[in-house]
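Chemist: Before anything else, here's the structure in question.
The values are calculated or read from the model by the stated rules, or taken from the named source; none is laboratory data. Only a predicted model underlies this, so the values are computations on that prediction, with no experimental measurement involved. Here the Cβ positions follow ideal geometry from the backbone for every residue, glycine too, while neighbour counts run over all protein chains shown.
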Amino acid sequence: MGKLIISIFLFFSLLGSPCHSVSVVTNPSVHQQDISLLQLRAIYTLQQRHWPDGTPITVFRLSDSPQSLHPQFCQELLKVYPSQLDQLWDRLVFSGQAERPQSFNTPQEMLRAVAQTPGAIGYSDKKVSDDQVKFLPVKP
Amino acid sequence: MIRSSFYLLSLSLLCQASQVLATPPGNLHGFAQQSALYSDDNDFIGNSDDNIATDIRDFGLNYHQRFSDSFSFAGQIVSHEAGEQTSNNIELDYGFIEYSPLQKDNIRASARLGRVIQSYGLFNDVRDVAHLRPTVFVPYSIYYDRLRKSVFAEDGASFKLELIEPASVWTSEIGIAKPRSDKNEIRAFLPSQLLSGSGDGKNAYFFRIANESALDYRVALSGIYLSWDYQGDFVIPTGPSSSIAIPVDGSMAASSFGVSLEKTFGSFNLISEIFRPQVEYLDIVPDINPNTLQINGTQKIRSQQLAGYLHMNYACSITITCFTQYEYFKIISKDEDLTNATTRDIAAGIRIFLPYNLQFKIEVHEVNGSAWLGLDRDDAVQKWHYYASQINWTF
């Protein structure tokens with residue numbers, strides 16, 4: 001049994017995933033100039049629901065399609081696998097505590113929603129520039 | 001089969017309907033799971049001894065509606081089947097109104113009224129959603145699967161206070177309720193198969209104090225207490241077609257408290273819980289001289305137990321997680337002779353996250369002992385294995 005477990009762990013630990021660049025974006029009404037990993041995690045796990053000035057936070061995400069930025073956002077910025085974040089959201093949903101963040105199919109749709117919703121937060125490809133939203137650097 | 005097809009069809013239709021209905025403020029979600037279980041000895045769930053038991057499935061629908069910033073409703077209906085002992089009727093799993101009078105960036109307070117979820121351990125809140133369990137079943141020794149409905153949610157009220165700090169959230173929850181009196185669960189919980197009667201829920205109390213740093217760790221101290229009145233007969237067979245029925249009027253209780261911990265180290269995730277369950281039966285089993293059948297009053301039966309597990313999983317890739325688990329259960333004191341009082345279960349398995357919110361688990365368990373299987377399973381085999389697989393889906 002022990003050898004079997006070790007073999008399985010070693011085999012799958014060889015698998016990896018590519019790396020991309022993702023930025024955090026917010027509605028311009030958000031006063032912060034940067035965001036820490038701790039705060040980003042607290043927001044995306046729905047633990048922090050208000051900005052420090054009291055504005056309610058609206059969390060947006062991209063859908064789970066293979067071409068989506070969502071897996072890169074989870075791994076690169078939140079330092080977790082998408083399945084770990086999905087599990088946490090589902091835990092809140094199925095225990096009646098909260099709703100999943102609103103999901104969008106394309107980055108353009110999400111950027112538009114972030115620009116139009118006070119207190120909103122989302123993410124975007126680093127190469128994209130958009131005057132309607134605020135790009136927040138993530139502090140380690 | 002017909003019933004299952006009906007459920008699947010209903011769920012598909014509801015899934016389609018949710019596309020229309022899932023506009024703010026209401027949201028509809030659901031889950032389904034189908035498991036298969038084979039055990040080389042001992043019927044673990046259903047008829048699994050040298051047979052593949054497939055009568056293990058759940059279907060559920062979950063609805064959440066926010067009426068205002070302070071008021072919301074959450075409810076879930078479920079059909080649960082785990083062998084012949086369970087009824088697979090559609091039942092209200094939980095349903096409550098939540099009032100949140102205080103919502104600031106550093107403190108939140110709320111009260112729930114209705115059929116409220118009992119905060120207990122790390123997985124009781126979502127015990128019916130297979131997608132959220134790290135293994136095919138919740139650890140038996142801690143989560144009282146024979147009392148699934150009663151341990152999960154009861155009719156009553158609960159209160160929650162959250163203190164939000166930069167690095168973590170402190171949560172304290174307490175609740176008071178009336179335990180459900182499900183006929184099958186009461187029968188499964190009785191200390192003897194010679195008893196026939198019915199239970200009536202008396203009191204349920206629960207609490208949980210937890211600290212959680214999102215996606216990093218969560219630690220909790222929690223406890224639960226459930227009690228029922230019981231009235232019925234203790235029926236002693238005296239011949240092929242004769243018996244003596246002794247009326248009994250007593251009470252029974254189940255309680256448990258302990259600590260829980262989950263910690264993530266990059267791709268590694270560790271979960272451990274240690275609990276001290278106790279069951280107590282008062283004035284339910286008569287104290288009878290087996291030779292003369294003379295009744296010398298009633299017995300107080302109490303069993304104190306120690307239950308715990310250590311679960312480690314490793315995210316091998318974006319879609320595959322491997323896990324191993326060691327579970328331990330011991331009856332540490334008892335007022336009557338019980339056999340097979342210790343159980344050790346070593347398990348390993350793989351969990352695969354598939355497209356379309358599907359998930360597949362397969363695992364093998366090497367078990368030494370049979371203490372979970374029930375107090376009167378003296379025919380159980382000491383060393384045995386079971387193999388379980390599960391496909392589940394959420395939307």
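Chemist: Has region B:299-317 got any residue that is surrounded by fewer than 16 Cβ atoms within 10 Å (Cβ to Cβ) and out of contact with any strand residue (DSSP E or B) (no Cβ under 6 Å at 6 or more places or on another chain)?
Modeler: No - not one qualifying residue is present in region B:299-317.
Chemist: Moving on to the next point. Somewhere in region B:36-48, is a residue in a strand (DSSP E or B) and of a type in the set (Val, Ile, Thr)? Step through it out loud before you land on a result.
Modeler: First, pick out the residues of region B:36-48 that are in a strand (DSSP E or B): B:36-39.
Narrowing the set further to residues that are of a type in the set (Val, Ile, Thr) leaves none.
No, that holds for no residue.
Chemist: Another question, if that's okay. Please pick out the residue among A:Gln97, A:Gln47, A:Gln84 that is within 12 Å of another protein chain (Cβ to nearest Cβ) and under 13 Å from the mean Cα position of the chain (by Cα). Can you show your working first?
Modeler: Working: A:Gln97 fails: under 13 Å from the mean Cα position of the chain (by Cα); A:Gln47 fails: under 13 Å from the mean Cα position of the chain (by Cα).
Going through A:Gln97, A:Gln47, A:Gln84 in turn, just one is within 12 Å of another protein chain (Cβ to nearest Cβ) and under 13 Å from the mean Cα position of the chain (by Cα): A:Gln84.
Chemist: While we're here: Which residue, of A:Ser29, A:Ser17, A:Ser21, is at pLDDT 85 or above and surrounded by fewer than 21 Cβ atoms within 10 Å (Cβ to Cβ)?
Modeler: Working: A:Ser17 fails: at pLDDT 85 or above; A:Ser21 fails: at pLDDT 85 or above.
Testing whether each residue is at pLDDT 85 or above and surrounded by fewer than 21 Cβ atoms within 10 Å (Cβ to Cβ) leaves just A:Ser29.
Chemist: Between a first residue in region B:305-317 that is away from chain A (no Cβ under 13 Å) and a second residue that is of a type in the set (Val, Ile, Thr), which pairs have beta carbons less than 7 Å apart while being 6 or more apart in sequence or on different chains?
Modeler: Correct list of pairs: B:Gln305/B:Ile331; B:Gln305/B:Ile332; B:Leu306/B:Ile332; B:Ala307/B:Ile142; B:Gly308/B:Ile274.
Chemist: OK, next. For region A:61-81, which positions are within 12 Å of chain B (Cβ to nearest Cβ) and not in a loop (DSSP other than H, G, I, E, B)?
Modeler: Those that are within 12 Å of chain B (Cβ to nearest Cβ) and not in a loop (DSSP other than H, G, I, E, B): A:His70, A:Pro71, A:Gln72, A:Cys74, A:Gln75, A:Leu77, A:Leu78.
Chemist: Taking the conditions exactly as written (aromatic (Phe, Trp, Tyr), buried (at least 22 other Cβ atoms within 10 Å of the Cβ), more than 11 Å from chain A (Cβ to nearest Cβ) and over 30 Å from A:Gln39 (Cα atoms)), does B:Tyr120 satisfy them or not? So that I can check it myself, show each step before the final result.
Modeler: Working: aromatic (Phe, Trp, Tyr): yes; buried (at least 22 other Cβ atoms within 10 Å of the Cβ): yes; more than 11 Å from chain A (Cβ to nearest Cβ): yes; over 30 Å from A:Gln39 (Cα atoms): no.
When the stated conditions are applied, B:Tyr120 does not pass them.
Chemist: Which numbered condition in (1) away from every other protein chain (no Cβ under 14 Å); (2) of a type in the set (A, V, I, L, M); (3) surrounded by fewer than 18 Cβ atoms within 10 Å (Cβ to Cβ) is the only one that B:Ile284 fails?
Modeler: Failing condition for B:Ile284: (3).
Chemist: Looking at B:Glu81 and the list (1) surrounded by fewer than 24 Cβ atoms within 10 Å (Cβ to Cβ); (2) under 14 Å from the mean Cα position of the chain (by Cα); (3) within 12 Å of another protein chain (Cβ to nearest Cβ); (4) not polar (S, T, N, Q), which single condition is not satisfied?
Modeler: All conditions pass for B:Glu81, except number (3).
Chemist: In this structure, is B:Ile45 away from every other protein chain (no Cβ under 14 Å), farther than 22 Å from A:His50 by Cα and either surrounded by fewer than 22 Cβ atoms within 10 Å (Cβ to Cβ) or in contact (Cβ under 8 Å) with a residue 24 or more places away in the chain (or both)? If you could, list the steps in order and put the result at the bottom.
Modeler: Values: away from every other protein chain (no Cβ under 14 Å): yes; farther than 22 Å from A:His50 by Cα: yes; either surrounded by fewer than 22 Cβ atoms within 10 Å (Cβ to Cβ) or in contact (Cβ under 8 Å) with a residue 24 or more places away in the chain (or both): yes.
For B:Ile45, the condition - away from every other protein chain (no Cβ under 14 Å), farther than 22 Å from A:His50 by Cα and either surrounded by fewer than 22 Cβ atoms within 10 Å (Cβ to Cβ) or in contact (Cβ under 8 Å) with a residue 24 or more places away in the chain (or both) - is met.
Chemist: Looking only at region B:109-143, how many residues end up being assigned to a helix (DSSP H, G or I) and of a type outside the set (D, E, K, R)?
Modeler: Restricting attention to region B:109-143, the residues satisfying the condition of being assigned to a helix (DSSP H, G or I) are B:124-126, B:130-132, B:140-143.
Checking which are of a type outside the set (D, E, K, R) leaves us with B:124, B:126, B:130-132, B:140-143.
The qualifying residues number 9.
Chemist: Let me spell it out: the conditions are (1) part of a loop (DSSP other than H, G, I, E, B); (2) free of Cβ contacts under 8 Å to residues at least 24 places away in the same chain; (3) at negative phi, and A:Asp86 meets all of them except one. Which number is the exception?
Modeler: (1)
Chemist: Does region B:149-158 include one or more residues that are surrounded by fewer than 19 Cβ atoms within 10 Å (Cβ to Cβ) and either at pLDDT below 90 or in a strand (DSSP E or B) (or both)? Quick ask: steps written out before the conclusion?
Modeler: Start the filter on region B:149-158 by keeping residues that are surrounded by fewer than 19 Cβ atoms within 10 Å (Cβ to Cβ), which leaves B:155, B:157.
Among the residues that remain, those that are also either at pLDDT below 90 or in a strand (DSSP E or B) (or both) are: B:155, B:157.
Yes: one or more hits.
Chemist: Additional query: Restricting region B:173-191 to residues that are of a type in the set (Gly, Ala, Ser) and buried (at least 17 other Cβ atoms within 10 Å of the Cβ), which is farthest from B:Phe265 (Cα to Cα)? Walk me through how you get there before you give the answer.
Modeler: Initially, region B:173-191 is screened for residues of a type in the set (Gly, Ala, Ser), giving B:175, B:177, B:181, B:188.
Checking which are buried (at least 17 other Cβ atoms within 10 Å of the Cβ) leaves us with B:175, B:177, B:181.
Working: B:Gly175: 33, B:Ala177: 38, B:Ser181: 42 Å.
Among them, the one singled out is B:Ser181.
Residue by residue, here is whether (1) within 14 Å of chain A (Cβ to nearest Cβ); (2) under 25 Å from the mean Cα position of the chain (by Cα); (3) closer than 30 Å to B:Asn269 by Cβ holds:
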residue: B:Gly199; (1), (2), (3): no, yes, no
residue: B:Tyr205; (1), (2), (3): no, yes, no
residue: B:Ile209; (1), (2), (3): no, yes, yes
residue: B:Val219; (1), (2), (3): no, yes, yes
residue: B:Asp229; (1), (2), (3): no, yes, no
residue: B:Ala245; (1), (2), (3): no, no, no
